[in-house]
Amino acid sequence: MGRTSDAKERILSAAQTLIELRGYSALGVAEICKAAGVPKGSFYYFFASKEDLALAVIDAHWAVQRDDWVRILGAGDPPLQRLRRLFEATQAVQHAGQQSCGTVSGCLFGNLTLEMSNQTEALRVRLQQIFDAQADLVEEVVTEARERGEITVADTREAARSVVAQLEGQVLFAKLYNDTGRLDALWTNCLAILGATASGAASATVNATASGMGSAAGSAAAVTAPGPEGVPAR
């Protein structure tokens, strides 16, 4: 049984792992507690229900993912280079997960959206808020790129949503086919969505690997790796 001080973190970590492996609906509280090494009493001390736990998993996952996105997209390099780095980091995460467990796990938010968005309103609303927040972060970069004359897209908000949707869709395909090669087209597709100019495409290519891939992949690894005390840290 986990120590009282880390019981909540054990439950969160076990729940995220099980949700990623098997989905939300198939899980029961007893299975989660067994995986966490805590009694049912500990579960209900911290969480009123399985839905309450799922919301906590989502929030913990997003808190760290958001920090990663802010770090990657907020660096001082040209805007399209930063956006490309986000895609590279995402691909590195999915590849590392496949190497570790043999399958592409996909995106926790995307997986839960497909499974639960028409069943549980609280989860649907929270997932929608997260995808809107992702679009907010991407829109800042898209707007900067347009101001620099690197892209020609007119509506930066819709463009940002399309970029996030493309990222989610390609990750879903990678999961479906168990093939991270499905992510290879991410950047080419993104340039088309944004109407990138020749100079914009070039700005994202110059030194992209040398200056960013290592740091981006490192940041991305933190996105899915368990944090201290087993806290989910995507």
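Brief remarks follow.
- Residue selected from the stretch 89-102 under the condition assigned to a helix (DSSP H, G or I) and open to solvent by 30 Å² or more (accessible area, probe 1.4 Å), by the criterion nearest to Ile130 (Cα to Cα): Gln91
- A search for C-beta distances below 8 Å between a residue of the stretch 1-24 that is under 11 Å from Gly37 (Cα atoms) and among the aromatic types (Phe, Trp, Tyr) and any residue that is outside any loop (DSSP other than H, G, I, E, B) and at pLDDT 85 or above, counting only pairs 6+ apart in sequence or on different chains, returns nothing.
- Residue-level analysis places Ser42 among those that are among the polar types (S, T, N, Q) and assigned to a helix (DSSP H, G or I).
- Residue in the stretch 137-150 that is more than 29 Å from Ser203 (Cα to Cα) and assigned to a loop (DSSP other than H, G, I, E, B) present: no
- Meets criteria (at pLDDT 95 or above, surrounded by 19 or more Cβ atoms within 10 Å (Cβ to Cβ) and touching a Pro at 6+ places or on another chain (Cβ under 6 Å)) for Val141: yes
- Selection status of Ser105, polar (S, T, N, Q), touching a residue at least 60 places away in the same chain (Cβ under 8 Å) and touching a helix residue (DSSP H, G or I) at 6+ places or on another chain (Cβ under 9 Å): yes
- Qualifying positions in the stretch 55-64 - open to solvent by 20 Å² or more (accessible area, probe 1.4 Å) and either over 20 Å from Ala135 (Cα atoms) or of a type in the set (Ser, Thr, Tyr) (or both): Leu55, Ala56
- Only a single item in (1) open to solvent by 10 Å² or more (accessible area, probe 1.4 Å); (2) within 16 Å of the chain's Cα centre (by Cα) is not met by Glu147, and it is number (2).
- Within the stretch 170-182, being surrounded by 19 or more Cβ atoms within 10 Å (Cβ to Cβ) and touching a residue at least 60 places away in the same chain (Cβ under 8 Å) holds for Val171, Ala174, Lys175, Thr180.
- Residues satisfying the stated conditions in the stretch 1-28, i.e. open to solvent by less than 20 Å² (accessible area, probe 1.4 Å), under 28 Å from Thr103 (Cβ atoms) and of a type in the set (A, V, I, L, M, F, W, C): Ile11, Leu12, Ala14, Ala15, Ile19, Leu27
- Among residues of the stretch 154-169 that are at pLDDT 95 or above, those with a beta-carbon under 8 Å from a residue that is surrounded by 14 or more Cβ atoms within 10 Å (Cβ to Cβ) and basic (Lys, Arg) at least six positions away or on a different chain give the pairs Thr156/Arg146.
- Restricting Asp67, Asp77, Asp52 to residues that are open to solvent by 20 Å² or more (accessible area, probe 1.4 Å) and outside any helix (DSSP H, G or I) narrows the list to Asp77.
- Counted residues, the stretch 103-120 - those being in a loop (DSSP other than H, G, I, E, B) and of a type outside the set (Val, Ile, Thr): 6
The values are calculated or read from the model by the stated rules, or taken from the named source; none is laboratory data. All values reported here derive from a predicted model rather than from experimental measurement. Cβ: placed from backbone, ideal geometry, glycine included. Neighbour counts: every protein chain shown. Only protein heavy atoms, including side chains, enter the accessible area calculation; ligands, DNA and RNA are left aside. Shrake-Rupley method; radii C 1.70, N 1.55, O 1.52, S 1.80 Å.
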